Amino acid sequence: METTHFDVLVIGFGKGGKTLAATMGRLGKRVAMVEQSSKMYGGTCINIGCVPTKSLVHHAERPGVGSPGERHRAAVEQTRALTTAMRSKNYAMLDMLDSVTVITGRAAFLDAKTVRVTAGQVDMLDLTADTIVINTGAVPVLPPIPGLRESAHLLTSTDLIDIDHLPKRLAIVGAGYVGVEFASIYAQFGSAVTMLDPAARIMAREDEDITEVATGILRGAGVEFISGAHVTRVRDIDNGVEITYEVDGATHTLAADEVLAATGRKPATEGLGLDRAGVRTTPSGAVEVDEVLRTSQPHIYAIGDVNGGPQFTYISLDDNRIVADQLIGRGERSTADRKFVPYTVFMTPAFARVGLTEREARERGLSVKVVEKAIADIAAMPRAKIVGETRGLMKFVVDSETDLVLGAALLSVDSQEMINVVALAMRHGVTASELRDTIYTHPSSTEAFNEVLAGPPAR
């Protein structure tokens, strides 16, 4: 079989991979971008992740015309149109570059230098490259619950964003960040949502005061919670699914139309032939990398969700910067440079956090002061009242000795934007007092910092 050689071979069309491919292609390097599905040009974020889910959040938050089912169907159709347009634009971004070749097929290593791409039953192409970048992302985890995989009513997050019908009764197994986001979306569309989780509370990594407020908001939207629930069986019944679970040793059942497994995602390495390439993986199944994202093979890198780092699109983008710096820069950037990376859970209103929780700070023995205030009580934040969203809580954890912000948790309107201001301040050593006394535009959400950080410590 004829083998084609490239300067750079990228496996997976995700954020980091496509950006790196475009950068190298514009420099005249011969680049191959291999993507297993034409429906995934652009990667997870555009097709089945950030963009479609946040589109559904947007539509769920706004009253629409017609029945709940009609509102939901219109939202799904508009979301499909959006992702289709973005997928086409992402494909064109690389296809327009003369030195970049986009190949659709499933890639697997034959050895450390050779990758075979298979399409269908007979089409195969062997590729070699000086540099190979693994960017295959992550896939949903299905817990080993008897009957779950076999259920005709099982949905993953990928499935749920693309169904045409609105489930009347939606059961969500898992009360982490993904589960919370979907619970908020579908409760607002009109589904009767029930969340089951073995933990005592949702988003268990967060401070209890934050999760208590978040739970109250979701409960107000109609979400029901079954905490301490260990699901033991799933079986299909007439017109739906029955979920058997145990709480404190007692057995219960719950009937639903659909069941969403929201129990995390794992690196997508199955079928890549990493062993043949001599690429090591971690015990969790991620591709093992060093601080510059190089694998156990010095010419092979792994970026994005597949390397076991934080599963965020913006981390994948930063991974691209690190590898690009190795290939065409000064080789100075590394994952050690990352500090205070924020994240957002797009429930309604959104919850965003950066840095340490109060619990983490105290467990480290740090001397801290905590300031917090309910959004409805922040007089200096009229925007919340203007847009009619006064639910939530704003909380800062501050080092008592240095006045530096150690962490912030913002459960409020516009939190997904405000958290970036806080993160930037933390990275550059801006004190809580400086953040408090900064001039912000009015009426804006950031001016809430003037009031919250001026308040007396809650503890």
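The values are calculated or read from the model by the stated rules, or taken from the named source; none is laboratory data. Worth saying up front: this structure is predicted, and the values here are computed from it rather than measured. All Cβ positions, even for glycine, are placed from backbone atoms using ideal geometry, and neighbour counts span all protein chains on display. Note: accessible area is taken over every heavy atom of the protein model, side chains too, but ligands, DNA and RNA are not part of it. Shrake-Rupley method; radii C 1.70, N 1.55, O 1.52, S 1.80 Å.
The table below gives the values:
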read-out: Answer from ARG330, ARG321 - the residue that is open to solvent by 10 Å² or more (accessible area, probe 1.4 Å), free of Cβ contacts under 8 Å to residues at least 12 places away in the same chain and out of contact with any helix residue (DSSP H, G or I) (no Cβ under 8 Å at 6 or more places or on another chain); value: ARG330
read-out: Filter result (open to solvent by less than 10 Å² (accessible area, probe 1.4 Å) and either among the small types (Gly, Ala, Ser) or part of a loop (DSSP other than H, G, I, E, B) (or both)) within region 26-64; value: ALA32, GLY42, GLY43, ALA60
read-out: Unique residue being of a type in the set (A, V, I, L, M) and closer than 14 Å to GLU35 by Cα when the list is ALA81, ALA108, ALA60, ALA75; value: ALA108
read-out: In region 75-111, residue farthest from THR269 (Cα to Cα) [restricted to those that are among the basic types (Lys, Arg) and either touching a helix residue (DSSP H, G or I) at 6+ places or on another chain (Cβ under 8 Å) or surrounded by 14 or more Cβ atoms within 10 Å (Cβ to Cβ) (or both)]; value: ARG80
read-out: Unique match (being of a type in the set (S, T, N, Q) and within 23 Å of THR114 (Cα to Cα)) among SER37, SER55; value: SER37
read-out: Residues located in region 428-459, provided they are among the aliphatic types (A, V, I, L, M) and without any contact (Cβ under 8 Å) to a residue 12 or more places away in the chain; value: ILE439
read-out: Residues of region 43-52 satisfying the condition of being of a type in the set (Val, Ile, Thr) and more than 10 Å from the chain's Cα centre (by Cα); value: ILE46, ILE48, VAL51
read-out: Some residue of region 192-210 being open to solvent by 30 Å² or more (accessible area, probe 1.4 Å) and under 24 Å from HIS72 (Cα atoms); value: yes
read-out: Some residue of region 81-90 being over 27 Å from ARG169 (Cα atoms) and in contact with a Phe, Trp or Tyr (Cβ under 7 Å, 6 or more places away or on another chain); value: yes
read-out: Count - residues of region 96-125 that are within 27 Å of the chain's Cα centre (by Cα) and either of a type in the set (Asp, Glu) or outside any strand (DSSP E or B) (or both); value: 1
read-out: Every residue from region 129-145 that is surrounded by fewer than 17 Cβ atoms within 10 Å (Cβ to Cβ) and more than 29 Å from the chain's Cα centre (by Cα); value: ASP130
read-out: Filtered residue count, region 404-459, keeping only those that are closer than 24 Å to ALA214 by Cβ and out of contact with any strand residue (DSSP E or B) (no Cβ under 8 Å at 6 or more places or on another chain); value: 10
read-out: Hits in region 176-189 - residues which are open to solvent by 10 Å² or more (accessible area, probe 1.4 Å), under 18 Å from the mean Cα position of the chain (by Cα) and of a type outside the set (D, E, K, R); value: GLY176, TYR177, VAL178
read-out: Within region 190-308, strands (runs of 3 or more DSSP E) holding 2 or more residues that are modelled with pLDDT of 95 or more and more than 22 Å from the chain's Cα centre (by Cα); value: 224-227, 230-237, 240-247, 250-256
